[in-house]
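Undergrad: Starting off with a structure, shown below.
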Amino acid sequence: MPDRPGVATPFPLEDLPGAVWLLAGPDRRVLAANTRACAHPGLLGDPDLQTAVAKVLATGEPTRTGLGGTPPRVAMVGPHRDGDGAVTGCLVQVVDIDEVAVRWAVGAAQSRLLPATLPVVPGYHLAAHYVCATQADRAGGDFYDALSVGEGRLAVLLGDVVGAGLAATAVTAQLRGAAVSALLEGESVDAVIARLDRLAAHVPGAAGSTVCLAVLDPARGELCLGSAGHPRPLLLTGNGVTEVDGRVGPPLALAARRPPAHIVRLAAGDVFVLYSNGLLSAGALVESLRGVPRDVDGVCAHLVGAVLGGGPVLDDAALLVVQTEPAMTPPLSVSVTAAPEQLATIRRALREWAGRIGLDTDELLGLQLAVGEAATNAIEHAYRDREPGPVLVSAEVRADGDLVVEIADEGEWRATDPGENRHRGRGMHLIRSSMDELDVLRGPGGTVVRMSRHLGRGRLADEPAPTESAAGEGDSDSVDFDVRPGHDSVLVRLTGILDAVDAEVVHRRLQQLSRAGSAPLTVDLSGVRLVDSTGVRVLFELALQASAAGGQLTVLAPADSLAHRVLSITGLDQVATVRAL
C-alpha cells in the first residue's frame, strides 16, 4: 500500500531510501509504506526493531538500532505527532548498510571532484551549491566550474552525466577536466563543446551527458552561451527573471550538427544562473525567483532552501550563480603614520575593502593577520630614533584571482640585536602561513613588503555563518579583561584584538594576576578575533616566567579559530599548555 491516499506523511515515503513504514497507535498498525517496505514485510517483525518502536512510542525520542541478517541493515525510528504535538505513531526506515556506504562514497568522491573554492575575480560575485541525491542509485554525475579566461572575462560551466554512482562520478572528472583545459588554452565556446563531443563519443557512459557553458564579458556587455542538451539558464535583470533564449543542441556525442553558440546581452548587476536537472524537477524556477533580490548568495540560498525544501532529493542538484558588478571595486590604498594605534585604521580599511570584493571570513582574517604583521614590523623598525613617517598599504585583486598586497615605508630598518628580545622573529613566519608568496625589498628609499595569495571563495554549502566577533564592524579593537578568580588559579577571558596596540598593557595585567608567574593562570582567547606575533610574544614571556617561578600558564582557544592556528604555528604548546575548546 505505497503512500495510502488521505494519510498525511511528512513527505512522500516513496522518495525515501530503504524500506519505510508509517505506524499508528499502540498496536502499531501500518498506515502507509513505500514499495520497498511492501516487498519486505518481514523486516517489521525483527525483535530489535520492535523494541526500538516501543521505546519511541513511550518516550517520543527518535532512536536507531542495528538489525541482524544479510545484508546488514540499520533501522531509524522517529515519532509521528498530531497537530497538538502528541505522539500518535512512528516513522520507521530500514536501510541496507551497503546502500548507505555507497551513497557516502559517491557523495565524497563527487565533492572532491568539484572545485573546493570559487575564484575571486574582479568584476564578479559567485556562489555555488551541490546536493547529493538521497538514494544511492541516483547519486553522482553533476559538475560545475568557474575560471578567469583573461581580458576580464569569466567562463562558467555546469554539466550532468548520464547515470549515477561511482562510474558517473568518474565520467564527470573527465568531462570537467577536458572543458577546463580547453578554456585555459583559449578555445571558444563552440570549440570546447566540440571537444567534449569527441571525448563523450569515446568514454564509456559519457554519451548523452549534458553541459551548459558560458563566457561572460562585462566590458562588451554580453555573454557567449552554448548548450548541449542542458536546461536553459536563468537571467535575473532589472526587468525580472527569464529563461535565456537560444537554441539548445542535443546532448554530447548525439549531434550530427550542432547549433553555434549565441550572444546574450548582459548588463552590470545582472545575475546568471546555471543549474542541473535536480533543481528543474523540484519546481518552477522562474516563478520561484520572482521578487528575490539580485544577490548571488540570496539567489543560491533561496533555490536550495525554498525549491529543494530540505526533503528527499530525487536527483543530484548542482547550482552555480554569478553576478557582474555594477561598478568595479578600486584597489585599496591607505596611508597612516607609523604608530601602533594606526593598526586599527589599517584593519578597518581592509575589512571594508574585502567586503566589497567578496572575501569570505577566513580569507579576511588571514589577510588581516598578514598585513598586520608586516605593518607592525614597519612601525617598530622603520623609523627608530627619528620622527615616525608614513606606512602605505595597497592591495588589489588581479584578473587571475591573485590578491597582491604591498606595505611600504620610507625609513631605514636597523638590524635587531639577537639578545634584545629572543621572542621576536615569528611575524614573517605568520605571514608565510597566510600568503602564497612573500618578498621583502629594501632600498635607500625605504622597505617594501610584497605578498600575494590566490583567492578562492567558499561554496555556499561550506560557508559557516560569520560570527559576530569575526565579522562585526562595530567590535572593539582594544582588549577587554574578564577576570574570574578561582580557588587554585585565575581565569582571564580576553576579548577584542591582541596586537601591538595593547600588548604591554596585557603583559602587565597578566603578570600581576599570575604574581610574576608564581600562580597558575589560565588565559581564554575564545573572544579574541586576532592575535599577532606581538601578542604571541607576550604569551611566550608569561609562559617562560611561569616555568622559572614554579607556576603554569594554560591558554584556551577554539579549535578552528585564527587564534588557535597562530598558537600552533608559533609553537606556544612547547612552553605552555594549549587546549582547544
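Undergrad: Suppose we keep only residues that are touching a residue at least 24 places away in the same chain (Cβ under 8 Å), touching a strand residue (DSSP E or B) at 6+ places or on another chain (Cβ under 6 Å) and within 20 Å of Asp499 (Cβ to Cβ) within region 430-446. Which one would you say is surrounded by the most Cβ atoms within 10 Å (Cβ to Cβ)?
TA: Ile431
Undergrad: Let me ask you something else. Anything in region 53-80 that is more than 36 Å from the chain's Cα centre (by Cα) and at pLDDT below 85? List them, or say none.
TA: Leu67, Gly68, Gly69, Thr70, Pro71
Undergrad: Sticking with this one: Look through Leu567, Leu562, Leu513, Leu539 and report the one residue that is touching a strand residue (DSSP E or B) at 6+ places or on another chain (Cβ under 8 Å) and more than 26 Å from Ala378 (Cβ to Cβ).
TA: Every option except Leu513 fails the conditions.
Undergrad: Across region 353-363, which residue is surrounded by the most Cβ atoms within 10 Å (Cβ to Cβ) among those that are touching a residue at least 40 places away in the same chain (Cβ under 8 Å) and either among the aromatic types (Phe, Trp, Tyr) or not in a loop (DSSP other than H, G, I, E, B) (or both)?
TA: Selected residue: Ile357.
Undergrad: Another one. What is the one condition in (1) open to solvent by 10 Å² or more (accessible area, probe 1.4 Å); (2) touching a Leu at 6+ places or on another chain (Cβ under 7 Å) that Asp502 does not satisfy?
TA: It is condition (2) that Asp502 fails.
Undergrad: Then there is this: Select from region 541-562 the residues that are in contact with a Ser or Thr (Cβ under 8 Å, 6 or more places away or on another chain) and within 21 Å of Ile431 (Cβ to Cβ) and write down the one among them that is most open to solvent (accessible area, probe 1.4 Å).
TA: Ser561
Undergrad: If Gly123 passes every condition in (1) open to solvent by 30 Å² or more (accessible area, probe 1.4 Å); (2) at positive phi; (3) at pLDDT 70 or above but one, which one does it miss?
TA: Evaluating Gly123 over (1) open to solvent by 30 Å² or more (accessible area, probe 1.4 Å); (2) at positive phi; (3) at pLDDT 70 or above leaves (1) as the failure.
Undergrad: Can you spot a residue in region 224-233 that is more than 25 Å from Gly152 (Cβ to Cβ) and among the polar types (S, T, N, Q)?
TA: No - not one qualifying residue is present in region 224-233.
Undergrad: Within region 230-250, does at least one residue satisfy the condition of being of a type outside the set (Val, Ile, Thr), open to solvent by 20 Å² or more (accessible area, probe 1.4 Å) and more than 30 Å from Ala268 (Cα to Cα)?
TA: yes
Undergrad: Hey, among Ala128, Ala33, which residue is at pLDDT 85 or above, out of contact with any Cys (no Cβ under 6 Å at 6 or more places or on another chain) and closer than 30 Å to Gly358 by Cα?
TA: It is Ala128.
Undergrad: Here is a follow-up. Exactly one condition in (1) surrounded by 16 or more Cβ atoms within 10 Å (Cβ to Cβ); (2) of a type outside the set (Lys, Arg); (3) at pLDDT 85 or above is not met by Ser333; state its number.
TA: (1)
Undergrad: State yes or no: is Gln323 modelled with pLDDT of 85 or more, outside any helix (DSSP H, G or I), touching a helix residue (DSSP H, G or I) at 6+ places or on another chain (Cβ under 6 Å) and open to solvent by less than 50 Å² (accessible area, probe 1.4 Å)?
TA: Yes; evaluated as a whole, the condition is true for this residue.
Undergrad: Restricting the first residue to region 526-551 and requiring it to be on the phi > 0 side of the Ramachandran plot, which pairs with a second residue that is outside any strand (DSSP E or B) and surrounded by fewer than 23 Cβ atoms within 10 Å (Cβ to Cβ) meet a Cβ separation below 9 Å and a spacing of at least six or different chains?
TA: Gly550/Gly517; Gly550/Ser518
Undergrad: Being open to solvent by less than 30 Å² (accessible area, probe 1.4 Å) and either part of a loop (DSSP other than H, G, I, E, B) or on the phi > 0 side of the Ramachandran plot (or both) narrows it down to one residue among Ala206, Ala267, Ala178; which is it?
TA: Going through Ala206, Ala267, Ala178 in turn, the sole match is Ala206.
Undergrad: Another question, then. In region 389-441, what residues are at pLDDT 90 or above, more than 23 Å from Ser561 (Cβ to Cβ) and charged (D, E, K, R)?
TA: Passing the criteria: Glu396, Glu406, Asp409, Glu410, Glu437, Asp439.
Undergrad: When only residues in region 564-579 that are farther than 13 Å from Thr522 by Cα and without any contact (Cβ under 8 Å) to a residue 60 or more places away in the chain count, which is most open to solvent (accessible area, probe 1.4 Å)?
TA: Selected residue: Gln574.
Undergrad: Residue check: is Leu213 open to solvent by less than 30 Å² (accessible area, probe 1.4 Å), assigned to a strand (DSSP E or B) and either in contact with a Phe, Trp or Tyr (Cβ under 9 Å, 6 or more places away or on another chain) or free of Cβ contacts under 8 Å to residues at least 12 places away in the same chain (or both)?
TA: Answer is no for this residue.
Undergrad: Next question. Being touching a residue at least 40 places away in the same chain (Cβ under 8 Å), open to solvent by less than 30 Å² (accessible area, probe 1.4 Å) and either farther than 24 Å from Val292 by Cα or among the hydrophobic types (A, V, I, L, M, F, W, C) (or both) is the filter here; which residues of region 217-229 pass it?
TA: Correct list: Asp217, Leu223.
Undergrad: Out of the residues in region 287-320 meeting the condition of being assigned to a helix (DSSP H, G or I) and surrounded by fewer than 16 Cβ atoms within 10 Å (Cβ to Cβ), tell me which one is modelled with the lowest pLDDT.
TA: Taking the candidates together, the pick is Ala306.
The values are calculated or read from the model by the stated rules, or taken from the named source; none is laboratory data. Model, not experiment: these values are computed from the prediction. Note that we place each Cβ from the backbone using ideal geometry, even for glycine, and neighbour counts take in every protein chain shown. For the accessible areas, the whole protein counts, side chains as well, though only heavy atoms, and no ligand, DNA or RNA atoms are used. Shrake-Rupley method; radii C 1.70, N 1.55, O 1.52, S 1.80 Å.
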